[in-house]
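All remarks here apply to the structure that follows.
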């Protein structure tokens with residue numbers, strides 16, 4: 001009885017989450033994919049890719065958003081994400097923003 005009383009707050013906290021993060025294993029998998037894509041973008045050493053954000057859903061779909069200065073950089077980000085293990089599809093919402 002005492003254990004159940006102590007565990008009740010943990011159950012409530014665990015249930016209070018993002019619906020896409022309903023299972024801890026899915027959340028970890030999403031985080032790993034996002035981290036892999038971000039690391040590859042950083043390794044590409046294109047300054048403009050630093051402004052690209054990466055989100056991954058529980059099915060391995062990656063959404064890229066943010067800005068780049070060229071279409072080539074945006075295409076490179078999509079190619080990098082597509083070539084990452086665990087990614088099932090890539091949606092690009094990257095905008096091209098010319099430097100002023």
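Brief remarks on what is shown
- Of all residues making up region 47-57, the number that are in contact (Cβ under 8 Å) with a residue 24 or more places away in the chain and under 10 Å from the mean Cα position of the chain (by Cα): 3
- Residue check: residue 99 meets all listed conditions (1) at pLDDT 95 or above; (2) over 11 Å from the mean Cα position of the chain (by Cα) but one, namely (1).
- Residue 26 meets all of the listed conditions (1) in contact with a helix residue (DSSP H, G or I) (Cβ under 9 Å, 6 or more places away or on another chain); (2) modelled with pLDDT of 65 or more; (3) in a helix (DSSP H, G or I) but one, namely (2).
- Residue list for region 81-100, filter: surrounded by 12 or more Cβ atoms within 10 Å (Cβ to Cβ), out of contact with any helix residue (DSSP H, G or I) (no Cβ under 7 Å at 6 or more places or on another chain) and over 14 Å from residue 64 (Cα atoms): 97
- Residue, farthest from residue 98 (Cα to Cα), within region 42-66, restricted to residues that are touching a strand residue (DSSP E or B) at 6+ places or on another chain (Cβ under 6 Å) and not in a strand (DSSP E or B): 51
- Selected residue (only one of 74, 44 is surrounded by 13 or more Cβ atoms within 10 Å (Cβ to Cβ) and free of Cβ contacts under 8 Å to residues at least 24 places away in the same chain): 74
- Residues in region 67-88 that are in a strand (DSSP E or B) and at pLDDT 95 or above: none.
The values are calculated or read from the model by the stated rules, or taken from the named source; none is laboratory data. This structure is a prediction, so every number in the text was calculated from the model and none was measured. Quick reminder, even Gly has a Cβ in these numbers, built from the backbone with ideal geometry, and neighbours come from all protein chains shown.
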